[in-house]
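The values are calculated or read from the model by the stated rules, or taken from the named source; none is laboratory data. These numbers come from a predicted model, not from an experiment. For neighbour counting, all protein chains shown are included, and Cβ atoms are generated from backbone atoms with ideal geometry for every residue, glycine included. Remember, those area values only see protein heavy atoms, side chains included, never the ligands or the DNA or RNA. Shrake-Rupley method; radii C 1.70, N 1.55, O 1.52, S 1.80 Å.
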Amino acid sequence: MVRWRTLTGLLAAALAAVTAGSLTLAAPAAAGGGTATPYVVGGTRAAQGEFPFMVRLSMGCGGALYSSRLVLTAAHCVGATGTNTSITATLGVVDLQSPSRITVRSNYVYRAPGYNGNGKDWALIRLATPVTGLSTLKIANTTAYDNGTFTIAGWGAAREGGGQQRYLLKATVPFVSDSTCNANYGGEIIPAEEICAGYASGGVDTCQGDSGGPMFRRDAGNAWIQVGIVSWGNGCARPNYPGVYTQVSYFASAIASAAASLGG
Ligand code: ARG
């Protein structure tokens, strides 16, 4: 089984090239071979303002606004910890080409300590200037919300091997237990660090370019709360291959400490 996160570096490089110039993005060869499930896969368009914390990152990933200056994303979307002014975050719009979009440059990346491509798939990006007028997405710091139905959203491919999206897509997917997910993936899951979601029949999933974006649900007070970070999967939306997400509750205290060390 190929873990997608190993391919994402290639995808990010290709997307960076697209952003920089006018190259046509070819899907990685290894991304093909699956079913081309029309329409995030199986999604619909999000309304402007529906998910104000959604962030698009210039390397071709998603993210969530954690605070006015910090974006929570996936470790596999970024380079090593340190000063980094190369990332542009686009916020406040569902249409990435909207004239009302907010764009802000990064000034620092914090990648999960010990990240080696297997688990620990989270990172914080600090923005050069704080954004105003957008609500943040709080992270789950208990396992209480690691169940139920989750919302996923992103500008990634709407089908396996497909292109990136101009408009934010959203969908809902049910929780999949670690035991089922690990059985689906032949023992590749890291149960403590990862949470899976999707239908056994497939059809709805995050996909390439959604990485780093949040998986979230409503909490007891009806507020959105982040339970996952898009990490990897075998293809997209294939039957019996749920999406695999970083389990935010497991890393919540590490994320909070890192955020504090970055100035909050
Ligand atoms: N690693 C991918 C990315 O960089 C995300 C893959 C998610 N795949 C899935 N089947 N849920 O965008």
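Numerical summary
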read-out	value
Filter pass, GLU160 being over 14 Å from the mean Cα position of the chain (by Cα), closer than 28 Å to ALA258 by Cα and within 15 Å of the ligand (Cβ to nearest atom)	no
Tabulated pairs, region 145-174, first within 11 Å of GLY198 (Cα to Cα) and open to solvent by less than 50 Å² (accessible area, probe 1.4 Å), second part of a loop (DSSP other than H, G, I, E, B) and not β-branched (Val, Ile, Thr), C-beta under 6 angstrom, 6+ apart or interchain	ALA171/GLY42; ALA171/GLY43; VAL173/GLY198
Members of region 231-243 that are within 8 Å of the ligand (Cβ to nearest atom) and more than 21 Å from THR142 (Cβ to Cβ)	TRP232, GLY233, ASN234, GLY235, CYS236, ALA237, ARG238, TYR241, PRO242, GLY243
Odd one out for GLU194 among (1) of a type in the set (Asp, Glu); (2) out of contact with any Phe, Trp or Tyr (no Cβ under 9 Å at 6 or more places or on another chain); (3) within 12 Å of the ligand (Cβ to nearest atom)	(2)
Complete set of residues in region 241-264 that are within 30 Å of GLY186 (Cα to Cα) and open to solvent by less than 40 Å² (accessible area, probe 1.4 Å)	PRO242, GLY243, VAL244, TYR245, THR246, GLN247, VAL248, SER249, PHE251, ALA252, ILE255
Residue identified as closer than 23 Å to ALA144 by Cβ, touching a strand residue (DSSP E or B) at 6+ places or on another chain (Cβ under 9 Å) and open to solvent by 10 Å² or more (accessible area, probe 1.4 Å) among ALA200, ALA192	ALA192
Residue under evaluation ILE225, criteria (1) open to solvent by less than 50 Å² (accessible area, probe 1.4 Å); (2) within 16 Å of the ligand (Cβ to nearest atom); (3) among the β-branched types (Val, Ile, Thr), criterion not met	(2)
Every pair of residues 6+ apart whose Cβ atoms lie under 7 Å, when the first sits in region 220-241 and is under 22 Å from SER179 (Cβ atoms) while the second is among the β-branched types (Val, Ile, Thr) and open to solvent by 50 Å² or more (accessible area, probe 1.4 Å)	ARG238/THR35
In region 135-155, the residues that are out of contact with any Ser or Thr (no Cβ under 7 Å at 6 or more places or on another chain), under 13 Å from VAL173 (Cβ atoms) and not polar (S, T, N, Q)	GLY148, ALA153
Which listed residue, of SER249, SER179, SER211, is assigned to a helix (DSSP H, G or I), under 20 Å from THR136 (Cα atoms) and among the polar types (S, T, N, Q)	SER249
Search result, residues across region 145-194 that are over 19 Å from GLY209 (Cα atoms) and among the hydroxyl-bearing types (Ser, Thr, Tyr)	TYR145, THR149, SER177, SER179, THR180, TYR185
Selection within region 64-86 - open to solvent by less than 10 Å² (accessible area, probe 1.4 Å), over 21 Å from GLY133 (Cβ atoms) and in contact with a Lys or Arg (Cβ under 7 Å, 6 or more places away or on another chain)	ALA75
Residue tally, condition open to solvent by 30 Å² or more (accessible area, probe 1.4 Å), closer than 14 Å to GLY62 by Cβ and not hydroxyl-bearing (Ser, Thr, Tyr), over region 87-100	1
